[in-house]
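Q: Pasting in a structure now, in structure tokens, and then I'll have a few things to ask.
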Amino acid sequence: MKTFLFLVAAIALHAAEPKPVPAMQAIPLPHDEVSLQHNGAELCRLHFSKDQRRPFIFPVNGPSGRSLTRMGHPRDPVTHSHHNSVWFSHESVAGVNFWGDQGGTIQHVRVLRLEDSDAEAFVETENAWLDKAGVAVMHDRRRITARTLPNDEWLLLLDLELDARTADVPLGQTAFGFLGVRMAKTIGVTDGGGRIRNSEGGEDEEGCFRKPARWMDYSGPITTEALEGITLLDHPQNPAHPVTFHCRNDGWMGAAPTFSAPLVVKKGEPLRLRYALFIHLGWVPREKVEEHWKEFAASPWKDFPAKK
């Protein structure tokens, strides 16, 4: 009897032991949002409400806790209303303009997966690219991953799989799409104290505008005491790598794989794109950026869950 009671007590004690709490968590929120957090502090938030024209990520918080991105142009909020912090879109998908706010819309379909761990957390979603009549011309699956680094720096990994389900989908030649990043006003070269650099030694708009590179960095002051920035990394398996970067001194940068030539998303052959944003402290040394790019370049694509 004593042995039996001992076993019962041991089982109860074991059952009561709390499981480890993951440092990184993907927290679903009201109003169709998911917050990616490190020890309870938000790093970024995905917005995918169907009353918006496209999903986007805001804020993208730097080590200081301030967002290094913003919603809209600092001096032209009307014609640049589509500048939604960090977002995917394209100016010509089967002839439909998804870049501006008067054409097609990218509508959230469902959340596929939310995952937590000590090193990273991510959210996977499915989205439909709808023309003005509400007809889907293309679908995508995307994975938004936050991964911790030392000194409160971190990586935002952006994986996109474009899917043509009924017919080949042409992607027109343009500098607008697929990935856009609108920096905080104070980080801009024109409106703040920022600067732009790329992997090829170019600086600011004059040296980086519409030129191919492996990465582009936009850094500047985010508080009266803190300098921080974002480096946009292009994966070598992406089409047209090294990608042509579109950038402006007013606080904008984007990766444009269709700048030099159009692409086609073939039916049954998804087109994959992979980018990363390195969220960092200070005027990050080129050598450090190169280390992160090489690590990112060697990272394998992780397949999405099987379709159901």
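The values are calculated or read from the model by the stated rules, or taken from the named source; none is laboratory data. Here the structure is a predicted model, which is why all the values come from computation and not from measurement. All Cβ positions, glycine included, derive from the backbone under ideal geometry; neighbour counts span all protein chains shown.
Q: So, of the residues in the range 147-173 that are surrounded by fewer than 18 Cβ atoms within 10 Å (Cβ to Cβ) and among the hydrophobic types (A, V, I, L, M, F, W, C), which turns out to be farthest from PHE58 (Cα to Cα)?
A: ALA167
Q: Check off (1) on the phi < 0 side of the Ramachandran plot; (2) touching a residue at least 40 places away in the same chain (Cβ under 8 Å) for GLY72 and give me the number that stays unchecked.
A: Here GLY72 clears every test but (1).
Q: Of the conditions (1) in a strand (DSSP E or B); (2) within 14 Å of PHE178 (Cα to Cα), THR231 fails just one. Which one is it?
A: If we test THR231 against (1) in a strand (DSSP E or B); (2) within 14 Å of PHE178 (Cα to Cα), just (2) comes out false.
Here's the yes/no breakdown for (1) over 14 Å from the mean Cα position of the chain (by Cα); (2) not polar (S, T, N, Q):
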| residue | (1), (2) |
| --- | --- |
| GLY40 | yes, yes |
| LEU43 | no, yes |
| SER92 | yes, no |
| GLY100 | yes, yes |
| GLY103 | yes, yes |
| ILE106 | yes, yes |
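Q: Can you go through SER219, SER260, SER199 and tell me which one is over 18 Å from the mean Cα position of the chain (by Cα), crowded, with 19+ Cβ neighbours inside 10 Å, at pLDDT 95 or above and not hydrophobic (A, V, I, L, M, F, W, C)? Outline the logic, then answer.
A: On the way: SER219 fails: over 18 Å from the mean Cα position of the chain (by Cα); SER260 fails: crowded, with 19+ Cβ neighbours inside 10 Å.
Answer to the selection: SER199.
Q: Please find, among ASP118, ASP101, ASP131, the residue that is modelled with pLDDT under 95 and either closer than 25 Å to THR174 by Cα or not β-branched (Val, Ile, Thr) (or both).
A: Result: ASP101 is the single residue among ASP118, ASP101, ASP131 that is modelled with pLDDT under 95 and either closer than 25 Å to THR174 by Cα or not β-branched (Val, Ile, Thr) (or both).
Q: Looking at the range 124-138, is at least one residue within 16 Å of the chain's Cα centre (by Cα) and of a type in the set (A, V, I, L, M)?
A: No.
Q: Another question, then. Looking at the range 65-72, can you tell me whether even one residue there is in contact with a His (Cβ under 9 Å, 6 or more places away or on another chain), at pLDDT 95 or above, among the hydrophobic types (A, V, I, L, M, F, W, C) and within 19 Å of VAL123 (Cβ to Cβ)?
A: Keep residues of the range 65-72 that are in contact with a His (Cβ under 9 Å, 6 or more places away or on another chain), which gives 70-72.
After this cut, where a residue has to be at pLDDT 95 or above as well, the list is 70-71.
Pick out the ones that are also among the hydrophobic types (A, V, I, L, M, F, W, C) and you get 71.
Filter again for within 19 Å of VAL123 (Cβ to Cβ), leaving none.
Among the residues of the range 65-72, not one is in contact with a His (Cβ under 9 Å, 6 or more places away or on another chain), at pLDDT 95 or above, among the hydrophobic types (A, V, I, L, M, F, W, C) and within 19 Å of VAL123 (Cβ to Cβ), which makes the answer no.
Q: Oh, and also: Could you please find all residues in the range 273-293 being surrounded by fewer than 16 Cβ atoms within 10 Å (Cβ to Cβ) and either among the charged types (D, E, K, R) or in contact (Cβ under 8 Å) with a residue 40 or more places away in the chain (or both)? Steps first, please.
A: Kept after step one, since they are surrounded by fewer than 16 Cβ atoms within 10 Å (Cβ to Cβ), are these residues of the range 273-293: 282-283, 285-288, 290-291.
Across the range 273-293, the qualifying residues are GLY282, TRP283, ARG286, GLU287, LYS288, GLU290, GLU291.
Q: Being among the small types (Gly, Ala, Ser), crowded, with 19+ Cβ neighbours inside 10 Å and within 18 Å of the chain's Cα centre (by Cα) is the requirement here; does SER49 meet it?
A: no
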